[in-house]
Amino acid sequence: MKTKYVALPVGFETLHETPLILPSTVAKHRKDIYLQEQERERERLRLEDELQEEKARSASSHDIAGPDSSNSIHQKRRRKPGEWHRLYKNSDVQVAIGAATILGTKDAKVKKHNTELLHHLLSLGEYRRLVKAPRNWRDDLSKLKERHPNFGEVIQFIAGEFALAEAAKTSLYIPPLLLDGPPGIGKTSFAFQLATILGSGFLKVSLESMQTSSALTGSEEHWSNSKPGQLFGLLISGEYANPVVLVDELDKARSAAAYDPASGLYALLEQSTAKTWSDLAFPSIAVDATKVIWVITANSRRMIPSPLRSRMRIFDVPALTKEQVFMLIDRIFAEQINALAPLRFEVTIPDALKACLVDAKLSPRQIHRVSRELIGAAVLANRRFVLHSDLEAIKLRSEKTSSATNSSIAVDYFFYLEKEPSFH
């Protein structure tokens, strides 16, 4: 059917050969994406043709067609700048567009939004990149261990996966990780730093306050406000098919009957079912979510159902030792000073003050907070270095102090800090 064109206002044009009218800048951006996808598809077809030719030559030579027969083609693919992963099929998206047009939600605005999102999927194309092990991954993990010295076992395991990916020249795969340990030891920070090293995208999902799994896996079509979940949005809009997804405090998920917030994880953490996972808002679109890097945290893994635990590699993350806290204070304090470079502040901190912080058994987050307050107290006193007496200034600014004890000012203040709710 031939498209009919009409006179459009200045600054608007149609998208490709469709009746969709968009601002010129948006249309140009989508056209560029479309052309890039077309080029990518042509390259894929060319490689497939070469593979078929290679197999045909092997068959004509009476060789058994096996993995080695296409080795040269795979080598060519590995030399390309990044590997590609087919995230979904355009044919599934077309089916979803038809379903959204004919049936879909009763809410006109939601239907329009979902339809536009599906058309956007077609313009983005089926493939996403797969991140590989970074070139300097050994240095990156070494710095990560300096920041999180109590995560040594986890980092060693990840280093093994990095080494495998580097040796095999393949994309990086890390099985689902469960980090089990007390609050305030840096589990969330660790996941974020890992995502920063990889650069493949990051999503944090906190199950503690959720009533259902819709935030992660979307809401079903029959609901008036049906919309896709956060994971679907991250995968389709992101550049990579293996982002880092942090599921925070899984042990605190409220598993009430059919509305268990963690119910969506059963399919996502299993490779066989994650390969054809679908968001509840678009059940006809099968998404291959097998490459997602899952980091799950808990304070007590005994509260997690055993079928979920069996899908994860479990690590017991201990609290920081006194020696680790001592070194961590120096590093955090230096970071705070570097962030305030124009102050020309002295990086050293008195040993007596460090010993007091160590004895207080502070979490890394609390150490960050206290370090900044100490620097603020020193600057307020027109100094460029901290003293043990700055603890008193911090205590005086605190709204809650213990007046019923004869213990030292530092112990009073840090006793209050220990009683604060700690979120890692």
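Just so it is clear, none of the values below were taken in a lab; they were calculated from the coordinates. In this text, all values refer to a predicted model and were calculated from it rather than measured experimentally. Methodologically, a virtual Cβ is constructed for each residue, glycine included, from the backbone with ideal geometry; neighbour enumeration extends over all protein chains shown.
Label positions at Glu270 and Leu340, each projected 7 Å from the Cα along the C-beta direction, are separated by 5.4 nm. With the simple spin-label model, which puts each label point 7 Å out from Cα in the Cβ direction, the Arg138 to His120 separation comes to 4.3 nm.
Neighbours of Ala159 by Cβ distance under 12 Å: Lys/Arg scored +1, Asp/Glu scored -1, total -3.
With a Förster radius of 56 Å applied to the C-beta separation of Lys111 and Lys145, the computed FRET efficiency comes to 0.65.
If you take the square roots of the eigenvalues of the alpha-carbon gyration tensor of the range 252-314 and sort them as a ≥ b ≥ c, do you get rounded (a/c under 1.5), prolate (a/b over b/c) or oblate? Oblate, since a/c reaches 1.5 and b/c is not below a/b. Extension gain for the segment Arg331 to Thr170, taken as residue separation times 0.36 nm less the Cα-Cα distance, is 54.5 nm to one decimal. When only Cα pairs below 8 angstrom with a gap of at least 6 residues are kept, the range 137-316 shows a relative contact order of 29 percent. What FRET efficiency comes out for the pair Val95/Glu239, r = Cβ-Cβ distance, R0 = 25 Å, nearest 0.05? Efficiency for this residue pair is about 0.45.
Collect residues whose amide H, placed 1.01 Å from N in the peptide plane, falls under 5 Å from the amide H of Ser206; neighbours closer than 5 in sequence don't count. Excluding prolines and chain starts, which carry no amide H, the hits are Asp248. How would the range 222-339 be classified by its alpha-carbon gyration tensor: rounded, prolate or oblate, with rounded meaning a/c under 1.5 and the a/b versus b/c comparison settling the rest? Prolate, since a/c reaches 1.5 and a/b exceeds b/c.
Pairs with C-alpha atoms separated by more than 19 Å, drawn from the list Lys89/Lys112; Lys89/Lys291; Lys112/Lys275, are Lys89/Lys112; Lys112/Lys275. As a calculated quantity, the FRET efficiency between Ser300 and Leu45 at R0 = 56 Å, using C-beta atoms, amounts to about 0.60. The stretch between Ser189 and Arg369, if pulled fully straight at 0.36 nm per residue, gains 63.3 nm over its current Cα-Cα span.
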